[in-house]
1. Please return the longest stretch of chain B lacking exposed loop sites, where GluC sites (Glu not before Pro) count only if DSSP places them in a loop and at most 13 other Cβ atoms lie within 10 Å.
2. I'd like the distance between the alpha-carbon centres of region B:169-205 and region A:214-275, rounded to an integer number of Å.
3. Apply the a/c threshold of 1.5 to the C-alpha gyration tensor of region A:336-410 and tell me whether it is rounded, prolate or oblate.
4. Grab every C-alpha pair in region B:50-96, bin the distances at 10 angstrom width from 0 up to the longest one, and report whole percents.
5. Give me the percent relative contact order of region B:1-136, please, defined on Cα pairs under 8 angstrom at least 6 residues apart.
6. Note the per residue figure in Å³ for the convex hull of the C-alpha positions in region A:100-334.
7. To test your reading of the geometry: what angle, between 0 and 90 degrees and rounded to tens, separates the Cα axis of helix A:48-70 from the longest principal axis of chain A?
8. Compactness ratio of chain A: Cα Rg over 2.2 N^0.38 Å, N = residue count?
Amino acid sequence: MSKTSSTVHGPNGSIPKANTWLLRTEHHGEERGRTYFKSRSTREIRNLQMRKNISHATTTIREKRKKVVSEVPNWEDLRTRASQIKQHTLANLDVYLEEFERNVTKAGGKVHWARDAAEAREIALELVRESGASSVIKVKSMVTEEIGLNAYLSENGIEATETDLAELICQLAGDESSHILVPAIHRNRVEIRDIFEATFAQKGSLEADPPKIAEAARKHLREKFLRSTVAISGGNFLVAETGSVAIVESEGNGRMCLTLPNNVISIVGIEKVIPTMEDLEVFLTLLPRSSTGERMNPYTTIWTGRPPAQMAPEKETTEDRKSYNIILLDNGRTRVLSDEVGSQALACIRCSACLNVCPVYERVGGHSYESVYPGPIGAILTPQLVGDELAGDLAFASTLCGACYEVCPVKINIPEILIHLRSIHSDHRRDTMSGNLERGSFGIVGIVMGNTNLFNIASSSVSLILKYGGPLLNRVGKYLPPINGWVESRNLPKAPNGSLRDAYRKGTLDDLLKK
Amino acid sequence: MKVAIFPSCIVDTIFPEAGAAAIRLLERLGVDVDFPLEQTCCGQMHLNTGYESRARKLAQKHLSSFNQYDWVIGISTSCTTMVREFYPQLLGATTAEVGGSGKFLELSEFLLDVLGITELEGTFAKKVTFHTSCHSLRGIHLGDRPQRLLSMLEGIELIPLPKSDSCCGFGGTFSIKNSAISTVMMEEKLANVYWTGAEVLTAADSSCLMNLSGGIQAAKKQLAVMHYAEILEVATRHSQKKLLNHSGEK
């Protein structure tokens, strides 16, 4: 067991600090600061180029998704089925994980268990060192980002190269990813050309043309694929009954990573297990259509234990030349599991459909969420994984418009979880002045609204307040928090002629009607 | 059939004209409608802002205000969504059901599905664009019911609003907590509204309309904003023929 993990478990089940690596906030060693969605997004939303890039990409992908989903007549049944499979598995997680472990072991692989990010990173580093390699190639993986693997390997003298094109762009640019599926969604082709020319390609050698850019990346990566002896992957699904791992991808880089190097290490969250191969069929129908808007993704690699060496058969001559290790990561997931409402979030298959339809994400981009997991899923996952204190105001990063729930292939009720997390947040803010101020105001409003007599008085006075205060507040309200948020861009409503209840009581409803 | 109106606290206090229009319209259609004055607020704002236990108390009070009614007709889609879709989670499915959360209908559901209205005698000779609120679309799944009612009017020109399924940016306290994002969403929504060339912007939700009309007034644009119940009421006000021509129960 690592030193870090044994010392970070706080009292009363508080969040171990090592679990907060997924935040992209200020950090000192293992300590991370809280997120500030409001201030970050207010800054990001002024980046018009970013907004244009993201709006263009999400609009395209949204339309594609809509089209291919409409082709599946039993789409809603599939969603229901997927949700049931996930709920069933999560309720019996221990059983299926142990079954998975037995079957991986039987097939010549080795299963490691990691309680948190620090443990997972150390196990991975140890495995790379055992292989004697000083560099690794990587299949795109959210969970390795969640545990901050690349930086950790680099600190320990191991160079990790991302082989997914968009992930490579981010790595070369020193960017943080801003989308689960399309990490470089905030960049356009010209920017990408410039990034390549500033790093591995010669200045002036590239056109800002997608096929040319992809070709340059392919050449750059080819040598890495052939030379590397260790690949690190995540995993989309773990099949308990066979001990198989499934990876779904579009570029073939995953297939190369999984077949060329002698050693494959997978790091996968424990919630990714499903019971059977038949269940996998449901998810393989839902995932590509939901995420890239394709009927089928170009590459699906499913392997059990030691992966086959299809691309280089000569490497299979002796069995022991190929090793397979899988690290199963908890990192807060079992704690999330104990929350009846919030645990739905663990059903997520990382398709990112919710990001692509979210009107907030479309305007502020992924970086505003200051987490590896952006968008609506990030707003419900991050607070649960790192705890309310560090997650700041993430649960408020939504208008609750419900577009995310409507497209979620596993029917996660994201608005419901956001509301649930908001209550937890307001409870935790009792020790801050602004928190208590808000709580006090809502308390008073709650008392007034909870009492018909008080409400009668209040409702009559609203028209007076608007009549005598409205025009003034429209002018000076921008200096008065919290009303400034409204009047900076909007007028207050015009004063009505008294309340509806007063008119109803007096029999003067007709006076209210438009002439 | 005992029918009550649930105008919502926003309509009651800020947009009473929409509530008055809905009541008069229903009366004209032969419906004896009450406005139970014990009702205050459904608790949506408290729930959405993170004050669940206060919201629960308001929800209980709200349901009990309508104990004696068969139907409760809402004219605010987010409030009807709160009662029908969120009360079961907030109060427990059984409590919500016993309390009658299922008898809460939106005006257009009542007119089309319960009363079975197929025609309305009335004229509204204006270009109108309809903003589909998120809750009408994804909360209570109203579909195009309000538009179907509007299109029964003579002379009305309903112009489809581009990107009609995207949120107007209101989101209750979101409009204040994340005002920069809310503003951008509101302005983009309004750009589409202006693009239609409509003279009247309408919706089935006064909270969206409060957001959008606030933006229209701040931008000093000339565009009337009305709840669709007001359009139906004003258009049918001088109708001579008996309006009600339906197959529904009475």
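Throughout, read-outs are computed from the coordinates displayed, never taken from laboratory work. Note that the coordinates shown come from a computational prediction; the quantities given were computed from them, not determined experimentally. Neighbour counts run over all protein chains shown; Cβ positions are idealised from the backbone, glycine included.
1. The answer is B:120-248.
2. Value for the Cα centre distance between the two parts: 44 Å.
3. It is oblate, given that a/c is not under 1.5 and a/b is not larger than b/c.
4. The percentages, shortest bin first, are 24, 61, 14, 0.
5. Over region B:1-136, the number comes to 25 percent.
6. Roughly 127 Å³ of hull volume per residue.
7. Helix A:48-70 sits roughly 80 degrees off the main axis of chain A.
8. Relative to the 2.2 N^0.38 Å estimate, chain A comes out at 1.10.
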